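Have a look at the structure below, then the notes.
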Amino acid sequence: QVQLVESGGGLVQAGGSLRLSCAASGGIFSIIVMGWYRQAPGKQRELVASITRAGSTNSADSVKGRFTISRDNAKNTVYLQMNSLKPEDTAVYYCFADRDLRRYWGQGTQVTVSS
């Protein structure tokens, strides 16, 4: 069983920055991919960015050039650096980890960007 604990959300003005962290514990050795989804009110959950254990990354077009995902395998932690935030980035951000064909989720952290 993998446990994911997120931190770093909050309220920021448009143009500001936040860094989200997601620490994994329990059965972490076989985690293949980690990353972030987000869900805004009334919208479907969407992939923001992901990173493999080898460091290959993928991100949504809407965040390219503004968000950067990184991973510290020694700390079993994945980060999402969010710069130039926009009001439309407001959402609950969920960390995920894929292991043994199963996806694990964090509890979510709220990011609110004011205009």
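Quick notes
- Test: Leu11 is more than 14 Å from Arg71 (Cβ to Cβ) and either of a type in the set (Val, Ile, Thr) or assigned to a strand (DSSP E or B) (or both): yes
- Applying the criterion of being surrounded by 11 or more Cβ atoms within 10 Å (Cβ to Cβ) and among the hydroxyl-bearing types (Ser, Thr, Tyr) to the residues of segment 101-115, the residue that is nearest to Ile31 (Cα to Cα) is Tyr104.
- Residues of segment 55-100 classified as open to solvent by less than 40 Å² (accessible area, probe 1.4 Å), touching a residue at least 40 places away in the same chain (Cβ under 8 Å) and polar (S, T, N, Q), total: 2
The values are calculated or read from the model by the stated rules, or taken from the named source; none is laboratory data. Quick caveat, the model's predicted, so the values are computed rather than measured. Neighbour counts run over all protein chains shown; Cβ positions are idealised from the backbone, glycine included. We work out accessible area using only protein heavy atoms, side chains counted, and drop any ligands, DNA or RNA first. Shrake-Rupley method; radii C 1.70, N 1.55, O 1.52, S 1.80 Å.
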